[in-house]
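Presented below is the structure to which this report refers.
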Amino acid sequence: MRTKLLIGLSLLVMGVLALSSCGRPSEIVLDDNNNGSQIMLHTDQTLTIRLEGNPSTGFSWEVLEINEAVLRQVGDINFEVESNLPGSPGIQVLHFEPVASGEMDLELVYWRPWEPEDPVETYLLRVIVP
């Protein structure tokens, strides 16, 4: 009887643990529509931001502000072309993963880094890692 109770409790605990991660995507994908918003990113999730850009013009998206104690960029910025024509615009893709609990503002800028002018566009995101 005691063995059955222990097995039952063990199965219950395993079921609760399995269900606790259900319903939460492993990746959160954002785009221009999420500019200025706030997200909650759990430590078992990754963040992907997809923004329109055209590096052939010299403009590119870059991380201007990030708290690397909370969130870190993973890899380089990727560029997905929309057309095979030279100079075509496309989507610049940035990947991030949480490092530890905390809150921070992520700021991305679209600019020509060597020019002294202000960025053409700014992307702001409040990130909360519980």
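The values are calculated or read from the model by the stated rules, or taken from the named source; none is laboratory data. These figures come from a predicted structure and were not determined experimentally. Here Cβ is always computed from backbone atoms with ideal geometry, including for glycine, and neighbour counts include all displayed protein chains.
In table form, for the structure just shown:
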{"item": "Selected residue (criterion: surrounded by the most Cβ atoms within 10 Å (Cβ to Cβ)) from residues of the range 85-104 that are at pLDDT 95 or above and among the aliphatic types (A, V, I, L, M)", "result": "L94"}
{"item": "Residue list for the range 30-79, restricted to those being closer than 17 Å to R112 by Cα and of a type in the set (A, V, I, L, M, F, W, C)", "result": "L51, F59, W61, V63, L64, I77, F79"}
{"item": "Options E117, E107, E82: the member that is among the charged types (D, E, K, R) and modelled with pLDDT of 95 or more", "result": "E107"}
{"item": "Search result, residues across the range 44-67 that are surrounded by 15 or more Cβ atoms within 10 Å (Cβ to Cβ), touching a residue at least 40 places away in the same chain (Cβ under 8 Å) and over 28 Å from V99 (Cα atoms)", "result": "F59"}
{"item": "Of all residues in the range 32-73 being in a helix (DSSP H, G or I) and not hydroxyl-bearing (S, T, Y), the one that is nearest to G87 (Cα to Cα)", "result": "P55"}
{"item": "Every residue from the range 113-130 that is under 30 Å from D44 (Cβ atoms) and in a strand (DSSP E or B)", "result": "T122, Y123, L124, L125, R126, V127, I128, V129"}
{"item": "Positions within the range 68-84 being surrounded by 12 or more Cβ atoms within 10 Å (Cβ to Cβ) and closer than 21 Å to T122 by Cβ, in sequence order", "result": "V70, L71, R72, Q73, I77, N78, F79"}
